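Participant: The structure under discussion is supplied below as structure tokens; questions concerning it will follow.
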Amino acid sequence: MVIPRSEHSISRAAISPNALKVLYRLKEAGYQGFLVGGAVRDLLLGITPKDFDVATNALPEEVRRLFRNCRLIGRRFRLAHVHFGHEIIEVATFRAAASPEREDDEEADAELDVEEADPEADSEIAAPAAVPDDPAHRAFDTTGRILRDNIYGTIEEDVWRRDFAANGLYYSIDDFSIWDFVDGVGDVRARRLKLIGDPETRYREDPVRMLRAVRFAAKLDFSIEASTEEPIRKLAYLLDGVPPARLFDECLKLFLSGFGAKSFRLLQQYRLFEHLFPMSAAAMKLPPYAYAQEMLELGLANTDARIAADKPVTPMFLFAILLWGAVLRELNEQSAGPAPDLAQLMQACDTVLRAQQSRVSIPRRFAVPMRELLMLQPRFQPPQRRQIVEHTAAPAFPCRLRFPAAARAGGRRRSGTRSVVDRRPIVAAR
């Protein structure tokens with residue numbers, strides 16, 4: 001085998017000591033171990049990686065036997081998590097190329113209950129063998145999305161399972177070289193995102209790759225290569241079939257990682273936002289609620305600034321500004337009075353939340369305080385300075401509101417033939 005080593009090198013001083021422990025333990029046990037994906041990409045860019053992932057030819061059960069502090073998780077992709085205090089090193093077994101077989105299976109990811117094993121037990125560990133390629137180990141739905149995939153293979157096969165070429169890089173602990181099968185180093189140099197394989201097929205296998213393209217483009221200031229970009233708008237509807245809990249996690253990565261404002265603009269550009277927050281997207285297209293987008297952009301910009309300043313942020317505030325436009329529209333459908341009934345506002349919040357849970361689920365620990373925050377908004381219409389100071393100083397109130405002149409005037413606007421209340425607080429994270 002000709003190994004496509006890159007001339008670039010990475011200093012071990014920049015790699016997490018815990019990741020190095022995992023790599024060296026795998027090597028000592030006779031397995032291959034590589035630092036993979038975004039960590040290698042970020043190190044080449046001079047960025048400190050958020051986490052360090054490892055790929056190996058050891059099966060998950062074999063990794064568990066090597067590390068007492070290891071747990072196996074997942075059904076869709078079975079992985080080993082090696083815990084070092086608050087840091088988790090994710091270890092994945094090399095996987096084979098996708099099979100054409102299909103099976104309608106709605107099994108979602110879920111953590112498996114696997115008890116820890118003594119690392120000194122079973123010292124003679126057999127070499128990993130490929131699991132039979134049958135529906136019991138790999139499953140697709142009718143759109144081509146992979147529902148379960150535990151078909152193991154070699155590193156040459158594993159690289160074709162990676163999403164973007166820039167993420168398809170392997171750092172070898174044997175000779176400290178980068179193995180590059182797909183010219184990922186070239187893409188990192190060009191600051192370009194290019195899918196490995198046929199873009200439409202890869203998006204159908206996992207529609208979340210469209211969100212990942214947006215997230216990496218926003219985070220790294222990368223361009224999206226033309227063939228990778230072209231199918232996104234056409235296939236955006238595939239996000240409707242992704243489990244809402246998984247989309248919640250993706251939204252936190254998009255909006256609470258320091259580049260939320262840019263992520264929002266890209267989501268709109270590629271028509272993905274309307275599949276994540278359909279009621280909010282519909283409201284922002286109507287002239288009476290166009291200011292909801294201004295409010296959202298300001299809130300995201302302020303959140304990005306807080307993250308840059310190493311200040312805390314909360315998903316509760318994020319989803320409040322994401323859904324405020326939809327709540328206002330629902331409220332105005334019920335009543336256009338200048339002083340809305342709190343019961344109507346609560347009903348509007350509940351209606352929007354119920355509808356939103358089918359797309360991006362919001363855990364109760366965030367949904368309940370978010371509703372309480374939205375219920376406080378009428379107290380600022382019309383705002384009095386003393387009241388604002390009192391309410392925003394309260395520990396339970398996690399954001400500060402400012403009102404433009406039009407809102408202070410308590411104005412009303414016309415939408416078609418009916419009156420619509422102009423409630424436009426400009427929200428900024430405290």
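The values are calculated or read from the model by the stated rules, or taken from the named source; none is laboratory data. Quick caveat, the model's predicted, so the values are computed rather than measured. Note that each Cβ is placed from the backbone with ideal geometry, even for glycine, and that neighbours are counted across all protein chains shown. Ligands, DNA and RNA are excluded from the accessible area calculation, which covers all protein heavy atoms including side chains. Shrake-Rupley method; radii C 1.70, N 1.55, O 1.52, S 1.80 Å.
Participant: Cβ-Cβ distance below 6 Å, separation of 6 or more or different chains: which pairs start in segment 39-66 with a residue that is acidic (D, E) and end on one that is open to solvent by 50 Å² or more (accessible area, probe 1.4 Å)?
Facilitator: D53/E90
Participant: Name the single residue that is surrounded by the most Cβ atoms within 10 Å (Cβ to Cβ) among those in segment 169-208 being within 18 Å of A39 (Cα to Cα) and under 19 Å from the mean Cα position of the chain (by Cα).
Facilitator: K194
Participant: Now for a different question. For segment 5-40, which residues satisfy the criterion of being open to solvent by less than 10 Å² (accessible area, probe 1.4 Å) and basic (K, R)?
Facilitator: Within segment 5-40, none qualify.
Participant: Which residue is farthest from L286 (Cα to Cα), if the candidates are limited to segment 309-326 and must be more than 19 Å from the chain's Cα centre (by Cα) and part of a helix (DSSP H, G or I)?
Facilitator: My answer is W324.
Participant: Name the helices (runs of 4 or more DSSP H) wholly inside segment 134-245 in which the number of residues that are at pLDDT 95 or above is 1 or more.
Facilitator: Because the criterion is at least 1 residues that are at pLDDT 95 or above, the helices (runs of 4 or more DSSP H) in segment 134-245 that meet it are 184-190, 199-205, 208-220, 226-229, 232-235.
Participant: Separate question: Quickly run through segment 221-249 and pick out the residues that are farther than 20 Å from E200 by Cβ, in contact (Cβ under 8 Å) with a residue 24 or more places away in the chain and either touching a strand residue (DSSP E or B) at 6+ places or on another chain (Cβ under 8 Å) or not aliphatic (A, V, I, L, M) (or both).
Facilitator: D221, F222, P243, P244, R246, F248
Participant: Every residue in segment 250-262 that is of a type in the set (A, V, I, L, M, F, W, C) and open to solvent by 20 Å² or more (accessible area, probe 1.4 Å), please.
Facilitator: L252, L256, F259
Participant: Consider R329 carefully, then state whether it is in contact (Cβ under 8 Å) with a residue 40 or more places away in the chain, outside any helix (DSSP H, G or I), of a type in the set (D, E, K, R) and open to solvent by 60 Å² or more (accessible area, probe 1.4 Å).
Facilitator: In short, no.
Participant: At least 1 residues that are on the phi < 0 side of the Ramachandran plot, open to solvent by 10 Å² or more (accessible area, probe 1.4 Å) and aliphatic (A, V, I, L, M) in each: list the helices (runs of 4 or more DSSP H) lying fully within segment 263-308 that qualify.
Facilitator: Because the criterion is at least 1 residues that are on the phi < 0 side of the Ramachandran plot, open to solvent by 10 Å² or more (accessible area, probe 1.4 Å) and aliphatic (A, V, I, L, M), the helices (runs of 4 or more DSSP H) in segment 263-308 that meet it are 278-284, 291-308.
Participant: Only one of (1) in contact with a strand residue (DSSP E or B) (Cβ under 9 Å, 6 or more places away or on another chain); (2) closer than 22 Å to V360 by Cα; (3) of a type outside the set (A, V, I, L, M); (4) open to solvent by 40 Å² or more (accessible area, probe 1.4 Å) fails for K311. Which number is that?
Facilitator: With respect to (1) in contact with a strand residue (DSSP E or B) (Cβ under 9 Å, 6 or more places away or on another chain); (2) closer than 22 Å to V360 by Cα; (3) of a type outside the set (A, V, I, L, M); (4) open to solvent by 40 Å² or more (accessible area, probe 1.4 Å), K311 is out only on (2).
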